[in-house]
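Structure, as structure tokens:
Bear in mind that the values in this text are calculations on the coordinates, not laboratory data. No experiment lies behind these values; they were computed from the predicted model shown. A quick note on method: Cβ atoms are made from the backbone with ideal geometry, for glycine too, and the neighbour counts reach across all protein chains shown.
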Amino acid sequence: MDQYIQVPLSNEDAEKLSAGDYVYLSGVIYTARDAAHKRMYEALGRGESLPMDMDRNVIYYMGPSPARQGRPIGSAGPTTSSRMDKYAPSLLDLGLKGMIGKGKRSEAVKDAIVRNKAVYFAAVGGAGALLSKSILSSEVIAYDDLGTEAIRRLEVKDFPVIVVIDSKGNNLYETAIKEYCKE
Amino acid sequence: MRTIQVSQITDAIKEMCIEANHFLTPDMDEAMKCAVTSEEAPLGKQILNQLQDNLKIAGADMIPICQDTGMAVIFMEIGQEVHFEGGILEDAINEGVRRGYVDGFLRKSVVADPIYRDNTKDNTPAIIHYEMVPGDKVKITVAPKGFGSENMSRVFMLKPADGIEGVKNAILTAVKDAGPNACPPMVVGVGVGGTFEKCALMAKKALTRPVNERSSIPYVKELEEEMLAKINATGIGPGGLGGTTTALAVNINTYPTHIAGLPVGINICCHVNRHAVREI
Ligand code: SF4
């Protein structure tokens, strides 16, 4: 089912989404990938606060290519989520409501998604030019020295994603493949 | 002897880095178009259509097809009658990569040290493979490689007794493990034989062969076709979200090997299987 959803994600919206739903997100999301996650994780370990509040927010696992003049961002598709698996459960426990990436997640992440009634979305990998068209603005808010891996605040309009793991723990990667498996 | 100025190599590589990151080769373009028609899953079709739109936007607005503009893998086939002038060839190649990535608004994805991980900020150094060939020409292939799919690549040191069934299992294992992580539809490059490093290099080079061109060795051609059908029967589909298009091609290269071994290298590539080729 196609749905238009506002981000940050409300608890109600997060819970009503089901694996397989095609969703257009509008509002504000944040980018972070490997290096930014490592830093946030270390900051939490030292008892410091994070560059942004996790509560109800959505993190996009993405490091863009540089923007040409007059554009908010360059190519901007998802990176492989499993590299963030080590860090994701702690962020979910702090209130993170959604993650956008591509590829499989660990059991620990799935459990944390269910525990916190959150959602894992996939954006289409390798569609960075198309996805950049749904990004209205981009601003580095932390870890500028990390270049493409800095944390960015993105304003998005009808950003297309697919629900892969829903708040009940259903996993589209597992169910959809079975449907078309002819082995 | 034919003299070539290394600055010519720099200029060509700069342009090729930009070209490869914005335009697919005609064979890849065609394969992606055909996939839209043949895909059976509605969501799979929708994703393949998005990828068509993505390619159009990439070319029209000069936005890289994918934000991971890769590590620049460069094959240099150098005719042995060629003499280079004007500087060191390796520096000239890296200068081409630097200019391509900096001037072309491509992402800088290379870190100087695998453990300390400081970004080199210009995507150098490239991974360069030199080959001496007959003649007085230089053939350059620039193949920017994304790491979502690179990370899912494998080397299996099989035993001779594992035979062709072992090779088939190895390919299927790598593809299934890769699943959605490698941004399917994939292109699967395979190297069978040689040594540990030779099979991996053959697999990488196999990815630069047009996807509509089969091996000239009859049993290898059959193996390529059989494996493509098997991979597309896994159900992984576009984006790993279910469907009948999991791979666009399986390209296999072979080489003599040792009496005691059967090395198999499998280099997984995503649908952004990029390369630009030029002869100077
Ligand atoms: S695997 Fe390929 S399509 Fe996917 S993000 Fe990496 S380079 Fe892009």
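Give the list, by residue number, of cysteines in the protein assembly as shown with no other Cys Cβ closer than 4.7 Å, or say none.
So far as the 4.7 Å Cβ criterion goes, A:Cys181, B:Cys17, B:Cys34, B:Cys66, B:Cys199, B:Cys269 stand without a partner in the protein assembly as shown.
Taking Cα centroids, how far is the stretch A:144-165 from the stretch B:55-120 in Å?
Cα centres, the stretch A:144-165 to the stretch B:55-120: 25 Å.
Hey, which aspartates and glutamates would be in cross-link range of A:Lys168, C-alpha to C-alpha under 14 Å, not counting anything within fewer than 8 residues on its own chain?
Candidates past the 8-residue exclusion: A:Glu12, A:Asp13, A:Glu15, A:Asp21, A:Glu107, A:Asp111.
Select from B:Leu228, B:Leu51, B:Pro210 the residue farthest towards the positive end of the dipole of chain B; place +1 on Cβ of Lys and Arg, -1 on Cβ of Asp and Glu, and compute about the Cα centre.
With unit charges placed on the Cβ atoms, the residue in question is B:Leu228.
About its Cα centre, how strong a charge dipole does the stretch B:1-56 have in debye, to the nearest 20, once Lys and Arg get +1 and Asp and Glu get -1 at the Cβ?
I would put it at about 140 debye.
In what sequence, highest mean first, do B:105-111, A:66-72, A:153-159 appear when ranked by Cβ atoms within 10 angstrom?
B:105-111, A:153-159, A:66-72
Only Lys, Arg, Asp and Glu count, each charged at its Cβ (+1, +1, -1, -1), so figure out the dipole size of chain B about its Cα centre, rounded to 20 debye.
So the magnitude is around 420 debye.
Count, for each residue of B:143-150, the Cβ atoms from other chains sitting within 10 Å of its Cβ, then give me the mean as a whole number.
Partner-chain Cβ atoms within 10 Å, mean over residues of B:143-150: 2.
Could you work out the helix-only [θ] at 222 nm for chain B, with each DSSP H run of four or more residues adding -39,500 (n - 2.57) and the total divided by the number of residues, to the nearest 500 deg cm²/dmol?
Estimated from H runs of four or more residues: -13000 deg cm²/dmol.
Scan around B:Asn253 for amide H atoms under 5 Å from its own, H built in the peptide plane at 1.01 Å from N, and keep only partners 5 or more places away or cross-chain.
B:Val190, B:Gly191, B:Val192
Determine the equivalent ellipsoid of the stretch B:148-274 by diagonalising the alpha-carbon gyration tensor, then write out the semi-axes as square roots of 5 times the eigenvalues, largest first, rounded to whole Å.
22, 14, 14
Of B:Lys14/B:Lys145; B:Lys139/B:Lys221; A:Lys178/B:Lys176, which sit over 18 Å apart, Cα to Cα?
Beyond 18 Å between Cα atoms: B:Lys139/B:Lys221.
Let's test the formula: R0 of 22 Å, r as the Cβ-Cβ distance of A:Glu179 and B:Ala229. What FRET efficiency results, to the nearest 0.05?
E between A:Glu179 and B:Ala229, to the nearest 0.05, is 0.75.
Given Cβ point charges of +1 (Lys, Arg) and -1 (Asp, Glu) and nothing else, what value in debye, to the nearest 20, does the dipole of the protein assembly as shown about its Cα centre take?
The calculation lands at about 380 debye.
What is the diffusion coefficient of the stretch B:31-162 in µm²/s, taking the Kirkwood radius over Cα pairs and the Stokes-Einstein relation at 37 °C with a viscosity of 0.692 mPa s?
Reported coefficient: 182 µm²/s.
If you take the charge dipole of the stretch B:148-274 about its Cα centre, with +1 on Lys and Arg Cβ and -1 on Asp and Glu Cβ, which of B:Ile259, B:Thr244, B:Leu172 is farthest toward its positive end?
B:Ile259
Could you work out the local net charge near B:Cys199, counting Lys and Arg as +1, Asp and Glu as -1, over the other residues with Cβ closer than 15 Å to its Cβ?
Value of the local net charge: +3.
For chain A, what are the per-bin percents of Cα-Cα distances with bins 5 Å wide, up to the bin holding the maximum?
Going from the shortest bin to the longest, the percentages are 1, 9, 18, 23, 21, 15, 8, 3, 1, 0, 0.
Find the centroid of the Cα atoms in the stretch A:12-90 and in the stretch B:226-280, then give the distance between the two in whole Å.
31
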